[in-house]
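Just so you know, all these numbers are worked out from the coordinates, no wet-lab data involved. Only a predicted model underlies this, so the values are computations on that prediction, with no experimental measurement involved. Here the Cβ is made from the backbone with ideal geometry for all residues, glycine too, and neighbour counts use every protein chain on show.
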Amino acid sequence: MSDEKENSVTAEGHPSEPVESLEQAEGTIAEETGQHDAGKEPDLTEQLESDLETAREEAKGNWEKLLRSQAELENLRRRSKRELEDSHKFAVEKFSRELLPVLDSLELGIQAASPDETNHEVVKLREGNELILQQLTSVFEKFNIEVVDPVGETFNPEFHQAMAMEACDEAEPNTVVRVFQKGYLLNQRLIRAAMVVVAKESDPEKTEK
């Protein structure tokens, strides 16, 4: 009886416990680790998918911002180029406007001097005015300044300013029959409208009388 008790007690005096084999211990640890990892794997996958989707959305937003910035930059470049071209085209606009009254005066002076005039001084003055007018007209052509002299043309409110209307049997209604003052264009832009008289239909009652 005493021998059995001795066998159940260790050398240190503690009761002995069943000892697992090394293979059993490793298997138990592997199972516990696998169960622990299996419990975490779905959460980690969902987190990665969420982070990936967020990154995709950010990349898409950044790409759209880049495209908008490039479009705005291109529009700015085109607008700046157009404004620069316009500034070159119309740099002489103000100067041209100031010269128009001079041109008008020369034309009126030439018209006032009759071609049949025999006075030598008047003839010389007329010839001088004609030469100046020719030179000034040449300068206008060089800078793409065109005359608007619409006699016989259909009235166009974009280029003509109607000063009066008069009945005219020889012209179609709404046709320019006389020009008080010529108009001018600078590179196809109107710098002064032509002042005109426009034809209208004759009054039947007045015609019968």
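At-a-glance table
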{"item": "Alpha carbon Rg of the stretch 92-143, scaled by the compact-globule rule 2.2 N^0.38 Å", "result": "1.28"}
{"item": "Flagged links, alpha-carbon separation over 24 Å, of Lys65/Lys89; Lys89/Lys182; Lys124/Lys182; Lys94/Lys124; Lys81/Lys182", "result": "Lys65/Lys89; Lys124/Lys182; Lys94/Lys124; Lys81/Lys182"}
{"item": "Using a Förster distance of 22 Å, the FRET efficiency for Leu108-Gln135 (Cβ separation, nearest 0.05)", "result": "0.80"}
{"item": "Charge context of Glu53, other residues only, Cβ under 11 angstrom, K/R +1, D/E -1", "result": "-3"}
{"item": "Paramagnetic reach from Lys124 (point 7 Å along Cα→Cβ, amide N under 14 Å) across the stretch 103-118", "result": "none"}
{"item": "Residues Gln70 and Leu99, FRET efficiency given R0 of 45 Å [Cβ-Cβ distance, rounded to 0.05]", "result": "0.50"}
{"item": "Total formal charge among the other residues, if their Cβ is under 12 angstrom from that of Gln134, Lys/Arg +1 and Asp/Glu -1", "result": "-4"}
{"item": "Built amide H within the under 5 Å cut-off of Gln181, gap 5+", "result": "Met195"}
{"item": "In order through the stretch 137-146: 3J(HN,Hα) via Karplus (6.51 cos²θ - 1.76 cosθ + 1.60), integer Hz, x for Gly, Pro", "result": "5, 5, 5, 4, 5, 4, 9, 6, 9, 10"}
{"item": "Cut-off 14 Å, label 7 Å out along Cα→Cβ of Asn144, residues of the stretch 70-114 by amide N", "result": "82-93"}
{"item": "Net charge contributed by nearby residues that have their C-beta within less than 10 Å of Met195 (K/R +1, D/E -1)", "result": "+3"}
{"item": "Under-5 Å amide H pairs with Glu153, H placed in peptide plane, nonlocal only", "result": "Val176"}
